[in-house]
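All remarks here apply to the structure that follows.
Quick note: the coordinates plus some simple rules give every number you see, no bench work behind them. Quick caveat: nothing in here was measured; it's all calculated off a predicted structure. Quick reminder, even Gly has a Cβ in these numbers, built from the backbone with ideal geometry, and neighbours come from all protein chains shown.
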């Protein structure tokens, strides 16, 4: 018999990239939220956590940093995610978390490039994602439109893992969301609130300017004020869909 899910276990890599709205939605669904601060020395679980959804958050490091002594937890996370894939353990990866999940599944993760000849590219700021399946026919996307506005904040991208369901894309980054067994990866962000975005703009200002130019900070601030209140109910719908679907069958014993 599967173990009922009662917890959301979060792996956090940096102070400003916590679970955000995932925590509020999880608590609304009756889940206890536990956060492991890997950046503060909390150990990565040795095995998929019984009775818990695993949520792996973002961060400025990447798959290319595996083996870097600044982030010794990355290799342990890849081993844990490989076990989650093997055991069909409910797992959600966001941004870096999605890239680590793809890497654990054997897919390539590399700097985002676009054009011919290829040039280095980034996705930072507000933009649309297009679902590649009909939201009305998919339990993870029910209640959403075929195109939704989200927040992008990345310079790496992953290929679609073998056997994965391709859920979303943008022109710049073809793999924006995928599902593989009971694991889901989201390259984009729907867990953030206005305060988190402001913190990211302050902490990551140099990256934003490098990615999108000198006017990007002001543009993202203006877009956040304009769009965040409108999209919050839809983002919460997606977060609830992800958590409910993960809870549905419990975890393997």
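Just for the chain, what percent of DSSP beta bridges are antiparallel, to the closest 5? It would help to have the intermediate numbers written out before the result.
On the way: 24 of 42 bridges.
The answer is about 55 percent antiparallel.
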- Task: Counting only C-alpha contacts under 8 Å and six or more residues apart, can you give the relative contact order of region 1-128 as a whole percent?
- Result: 23 percent
- Cα Rg, Dmax (largest Cα-Cα span) when computed across the chain, Å: 17.0, 56
- Run the numbers on region 104-253 and let me know its relative contact order in percent, using alpha-carbon pairs under 8 Å that are six or more apart. 23 percent
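Any idea what diffusion coefficient region 1-132 gets from Stokes-Einstein, in µm²/s, Kirkwood Rh on alpha carbon pairs, 25 °C, 0.890 mPa s? Before the final figure, lay out the partial values.
On the way: Rh = 16.0 Å.
Roughly 154 µm²/s, to the nearest whole number.
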- Message: With 10 angstrom as the radius, rank 247, 57 by how many other C-beta atoms surround their C-beta, starting from the fewest.
- Response: 247, 57
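Starting from the eigenvalues of the Cα gyration tensor, five times each then square-rooted, give me the equivalent ellipsoid semi-axes of region 175-218, largest first, whole Å. Can you show the working numbers first?
On the way: eigenvalues 148, 36, 11 Å².
Semi-axis lengths for region 175-218 are 27, 13, 7 Å.
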- Separation between Cα centres of region 30-60 and region 92-114, rounded to whole Å: 18 Å
- At residue 209 and residue 147, where each label point lies 7 Å from the Cα along Cα→Cβ, what is the point-to-point distance in nanometres? 3.3 nm
- Please work out the Kirkwood hydrodynamic radius for region 81-124, using every pair of different C-alpha atoms, and report it in angstroms with one decimal place. 12.0 Å
- Item | Percentage relative contact order, the chain, counting C-alpha pairs under 8 Å, at least six apart | 23 percent
- Query: Rounded, prolate or oblate: which fits region 101-197, taking a ≥ b ≥ c as square roots of the Cα gyration tensor eigenvalues, rounded meaning a/c under 1.5, else prolate when a/b beats b/c?
  - Reply: oblate
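For each of 54, 85, count neighbouring Cβ atoms within 10 Å of the residue's Cβ, then give the residues from fewest to most.
Values: 54 26, 85 21.
If I rank by nearby Cβ atoms, fewest first, I get 85, 54.
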- Item | Residue order, fewest to most beta carbons within 10 Å, for 95, 147 | 147, 95
- Using the Cα gyration tensor of region 21-71, with a ≥ b ≥ c the square roots of its eigenvalues, what is the shape: rounded (a/c below 1.5), prolate (a/b larger than b/c) or oblate (neither)? prolate
